[in-house]
Amino acid sequence: MNALLQKANEITRRDFVLRAAKTCLGVTAAPLFLNGRAQAAFDGASKAKQVPTARNMIYLYMSGGMSHLDTFNAQPGTDEAGPVKHIKTSADGVLLSEYLPLTANHMHHVAVVNSLASTQGAHAQGNYYMHTSYTLRSTIKHPCMGAWMSKFQGRNNPSLPSSVVVTNDSKHPGAGFFEAAVSPLMISNPTTGLQNSKRLNHLSEGDFDYRMGLSQKLDSAFRAQYDYSDLRAFGDIYKDAVKIMKSEDLAAFDLNQEPEAMHELYGKDPFNQGCLLARRLVEHGVRFVEVDLNGWDTHTDNFVRVPDQCAKLDQALSALLGDLDKRGMLDDTLVVLTTEFGRTPKINGNEGRDHYPKAFSSIMAGGGIKGGQIYGKTDKGGHEVVENKVTPPDFNATIAYALGLGLDQVIFSPSKRPFTVADKGQPITSLFG
């Protein structure tokens with residue numbers, strides 16, 4: 001009997017602390033001792049901590065599965081390389097595909113990770129796993145890295161969102177199970193500015209403020225009766241929207257303020273202009289910007305389509321790295337380029353490469369990363385990882401480590417399930433200088 005009473009008391013105390021944490025902190029974080037599930041989430045997570053080496057992040061996502069053999073994992077002299085030649089770079093011993101000649105001049109800033117391996121070989125699943133560190137489930141949606149940054153570190157500029165994603169992917173995980181207030185701002189076209197962000201011409205500022213005040217009064221009874229966190233979050237979104245509309249920093253989204261020479265430097269493709277927008281937004285205090293480049297699903301005509309893709313990437317990436325470096329922004333801005341999986345070393349009957357999660361490549365630059373290095377390797381031909389295998393959670397743990405996010409800090413979803421920023425990923429600390 002005493003044992004049962006003691007257990008009942010323990011459950012009561014546990015529930016009390018959990019509710020107190022939610023009420024006082026306004027988040028679903030809770031101490032690690034609250035239950036066995038939280039402890040289990042904590043046990044596998046890395047305890048590595050450091051002073052953050054990066055304040056901001058620009059995340060370039062190659063949607064469709066970028067071919068590692070035709071970009072960053074040089075395999076000269078092999079049948080798997082096909083017709084692709086390889087070139088020297090500004091970093092000793094680092095070779096690149098001939099399709100990336102401009103990027104080659106900046107490789108002394110870049111660390112190449114050639115030993116990524118995933119368990120997800122389909123696009124939606126691989127994309128989701130790389131963005132969130134968790135496999136796709138129908139019962140829950142996990143946050144992307146920009147949402148984790150917003151949740152833990154807030155904003156640099158109170159007038160602008162803490163994260164922006166330039167994409168046409170309607171299935172992007174966004175804030176996942178986090179509240180709407182930390183959702184990234186989604187933009188489909190970087191050249192059109194921030195749409196619907198100005199008052200109508202016939203409406204004065206006084207009239208606009210009057211209408212907003214009237215709306216608040218009309219909603220007040222409803223908000224008082226239904227005082228839920230999600231409802232408050234959407235109210236905060238409206239306030240943030242008005243704040244952006246009235247802020248001079250709205251100009252951060254206006255690429256017309258960039259000189260024509262800068263547009264020419266980055267290139268006129270939407271992805272290239274998205275990279276230029278990313279630099280502008282980071283300059284104005286946006287913490288996280290993602291820019292997606294679609295078109296890497298090269299089952300056919302790989303050696304026709306990849307050069308076209310690389311031409312866009314090469315111009316934009318080289319311009320971004322050089323521009324950030326010249327402005328003194330590269331030291332505290334982490335630039336990451338990744339994809340959901342690689343392509344088969346074996347060239348298929350359509351002169352293409354198929355899905356290949358067993359080995360692929362990604363890069364990191366700036367933000368404390370020691371450039372001019374290659375981490376991990378595959379066997380000859382790029383078939384199997386043979387040294388320093390890296391999973392998507394490991395890769396994301398490395399990003400979180402650079403940003404100073406707590407790898408072992410547990411957050412509870414609305415269903416009371418515990419999660420950490422990179423699941424059980426282990427950061428690659430040797431990448432840092």
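For the range 341-402, take N as its residue count and report Rg(C-alpha) divided by 2.2 N^0.38 Å. Please list the in-between numbers first.
Values: Rg = 13.8 Å, N = 62, 2.2 N^0.38 = 10.6 Å.
That works out to 1.31 for the range 341-402.
Filter the trypsin sites (Lys or Arg not before Pro) in the range 91-164 to those in DSSP coil with at most 12 other Cβ atoms within 10 Å of their Cβ, and list the result. Write down the numbers at each step before the final one.
Working: sites: R137, K141, K151, R155; in loops: R137, K141, R155.
Counting only loop positions with at most 12 other Cβ atoms within 10 Å, the trypsin sites (Lys or Arg not before Pro) in the range 91-164 are R137.
Taking every alpha-carbon pair under 8 Å whose residues sit at least 6 apart, the range 311-433 reaches a relative contact order of 19 percent.
Hey, what's the per residue convex hull volume over the C-alpha atoms of the range 282-433, in cubic angstrom? Numbers along the way, then the final one.
Values: hull volume 23.1 nm³, N = 152.
Here the figure is 152 Å³ per residue.
Given the pairs K326/K370; K312/K389; K49/K151, which span a C-alpha to C-alpha distance of over 20 angstrom in this model?
Working: K326/K370 18 Å; K312/K389 29 Å; K49/K151 18 Å.
Pairs exceeding 20 Å: K312/K389.
Spin-label pair S204-K389: with each label point 7 Å from Cα along the Cα-Cβ axis, the two points sit 7.0 nm from one another.
Distance between the C-alpha centres of the range 279-334 and the range 49-79: 11 Å, rounded to the whole angstrom. Binning the C-alpha pair distances of the range 270-313 at 5 Å intervals from 0 yields a P(r) profile of 5, 20, 23, 17, 13, 10, 7, 4, 1 %, listed from the shortest bin outward.
Taking the Cβ of each residue in L277, L218, L405 as the centre, tally the other Cβ atoms inside 10 Å and list the residues starting with the fewest. Present the calculation step by step, with values, prior to reporting the outcome.
Values: L277 26, L218 9, L405 22.
Ranked by crowding around the Cβ, least crowded first: L218, L405, L277.
Bear in mind these aren't lab numbers, they're just calculated from the coordinates by the rules spelled out. This is a predicted model, so every value here is computed, not measured. Cβ sites come from the backbone with ideal geometry, for glycine too, and all protein chains shown count toward neighbours.
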